[in-house]
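Participant: I have a structure here, written as structure tokens, and I will follow up with some questions on it.
The values are calculated or read from the model by the stated rules, or taken from the named source; none is laboratory data. Small disclaimer: the values here were computed from a predicted structure and weren't measured. We place every Cβ from the backbone using ideal geometry, glycine too, and count neighbours over all the protein chains shown. Please note that ligands, DNA and RNA were not included when accessible areas were found on the heavy atoms of the full protein model with its side chains. Shrake-Rupley method; radii C 1.70, N 1.55, O 1.52, S 1.80 Å.
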Amino acid sequence: MPRLLKVAAAQMGPIHLTSKREETVSRMIALLQSASSLGAQVVLFPETALTTFFPRHLINSQEELDSYFEHSELHESANTKPLFDEAKKLGIDISVGYAERTPEGKGYNTQVYYSAKKAAIIAKYRKIHLPGTKEPFEDPNAVNQLEKRYFEPGNLGFKAFRVPDVIEGVSKKGSGEAAPGKGDPIMGMIICNDRRWAESWRTYGLQGVEVVLCGYNTVGWAPDLWGTRKPMTPQQAEEEALFHHKLVMQANSYMNSCFSISAAKAGLEDGKHDLIGGSCITSPEGHILAEAKGKGDEIVFAEIDLEDCRQGKEKTFDFDRHRRIDSYGLITQQTGIVEPELL
Ligand code: CDV
């Protein structure tokens, strides 16, 4: 039986240090309405969708820094409630990335999943792989990535969740058929740099994930961050960054037999930092089903059939039959590289 789902990535063009939340939330509502006109049931927004990607700036004022964080749950906060109210009205689930300040004062780079039918946030993920440095680079013109300065590593793990009320007629607890791949969709969230780590995806793969959601802010030019062994022009560097983005979305979707949706914040933020576009929806066979055309606000839409995950999960990547965990010990015992002894 097909399990059809209409999904969308809401790519956003740049947001600046000076942008007002209200304007940004209005743009998000407009994107949601255009996704609704296509029939979307689930819409993914980017990482830190409500602000510029502030971790590239050195911010010494606590007050200024705090202004880029959300201090309460998004569906209840005055800043963002209108977006969640619109999602509820349209009956569309949304997943939104933002900087979260907890009541204990901790900062996380967070993504939530809001179920329109339940009118509730049903899942939260906090970014685990924080890239970059704690201190800015010495070169005042370098592109910084100060996530380790502003955020704690996520403490919620990679926890897959079921999404209720989006597909009719699926198996429920106690309803008889408990075979894999028959229930409500299984989703997982990752944020930007997490997509480059096979461990993120495999941890979800082991929970039978069917759709991975990934919001991102990826600069097209950051030689201090990436290294300069192979000198590139800014245009070549951006093409390379786009290539790596698609490579990891396609390859990891294939290796875990799942769909993936990725939503960029794209374009020139703060007049200086050019972010790649490339928001896309990929299939469990690793193909790109739909892709952003530009670097502005744009909906990327596809209807997907979760049944398409079954082939990979039951044949090439049937984990139960083919994985050899006795040989994978190093993955969790060791963090860095230990080379074999010199000859
Ligand atoms: N926001 C990110 O996590 N960005 C990183 C890079 C650009 C440091 C990424 O992996 O895309």
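Participant: I want to confirm something. Restricting to the stretch 256-300 and keeping residues that are of a type in the set (Ser, Thr, Tyr), over 29 Å from residue 57 (Cβ atoms) and in a loop (DSSP other than H, G, I, E, B), which single residue is farthest from the chain's Cα centre (by Cα)?
Facilitator: Only one residue fits best here, namely 257.
Participant: Here is a further query. Looking at residue 73 and the list (1) farther than 21 Å from residue 212 by Cα; (2) under 18 Å from the mean Cα position of the chain (by Cα), which single condition is not satisfied?
Facilitator: Just one mismatch for residue 73, condition (2).
Participant: Determine if the stretch 274-297 includes at least one residue that is among the polar types (S, T, N, Q), surrounded by 23 or more Cβ atoms within 10 Å (Cβ to Cβ) and within 28 Å of residue 13 (Cβ to Cβ). Lay out the reasoning, then the answer.
Facilitator: From the stretch 274-297, those among the polar types (S, T, N, Q) are 279, 282-283; that's our starting set.
Then drop every residue that is not surrounded by 23 or more Cβ atoms within 10 Å (Cβ to Cβ), which leaves 279, 282.
Keeping just the survivors that are within 28 Å of residue 13 (Cβ to Cβ) gives 279, 282.
Checking the stretch 274-297: at least one residue is among the polar types (S, T, N, Q), surrounded by 23 or more Cβ atoms within 10 Å (Cβ to Cβ) and within 28 Å of residue 13 (Cβ to Cβ).
Participant: Report, by residue number, each residue of the stretch 209-245 that is part of a loop (DSSP other than H, G, I, E, B), over 29 Å from residue 126 (Cβ atoms) and of a type in the set (D, E, K, R).
Facilitator: Of everything in the stretch 209-245, those that are part of a loop (DSSP other than H, G, I, E, B), over 29 Å from residue 126 (Cβ atoms) and of a type in the set (D, E, K, R) turn out to be 229, 230.
Participant: Let me ask something additional. Is at least one residue of the stretch 140-148 without any contact (Cβ under 8 Å) to a residue 60 or more places away in the chain and within 16 Å of the ligand (Cβ to nearest atom)?
Facilitator: To start, the set of residues in the stretch 140-148 that are without any contact (Cβ under 8 Å) to a residue 60 or more places away in the chain comprises 140-141, 148.
Pick out the ones that are also within 16 Å of the ligand (Cβ to nearest atom) and you get 148.
Yes, that holds for at least one residue.
Participant: Scanning the stretch 117-135 for residues that are outside any loop (DSSP other than H, G, I, E, B) and of a type in the set (Lys, Arg), which turns out nearest to the ligand (Cβ to nearest atom)?
Facilitator: Within the stretch 117-135, the subset outside any loop (DSSP other than H, G, I, E, B) is 120-126.
Filter again for of a type in the set (Lys, Arg), leaving 124, 126.
Details: 124: 18, 126: 13 Å.
Here the answer is 126.
Participant: Right, another one. Scan 44, 38, 50, 17 and give me the residue that is within 23 Å of residue 145 (Cβ to Cβ) and either in contact with a Lys or Arg (Cβ under 8 Å, 6 or more places away or on another chain) or hydroxyl-bearing (Ser, Thr, Tyr) (or both).
Facilitator: 50
Participant: Among the listed residues 188, 157, which satisfies the condition of being in a strand (DSSP E or B) and open to solvent by less than 70 Å² (accessible area, probe 1.4 Å)?
Facilitator: None of the others qualify; the one that does is 188.
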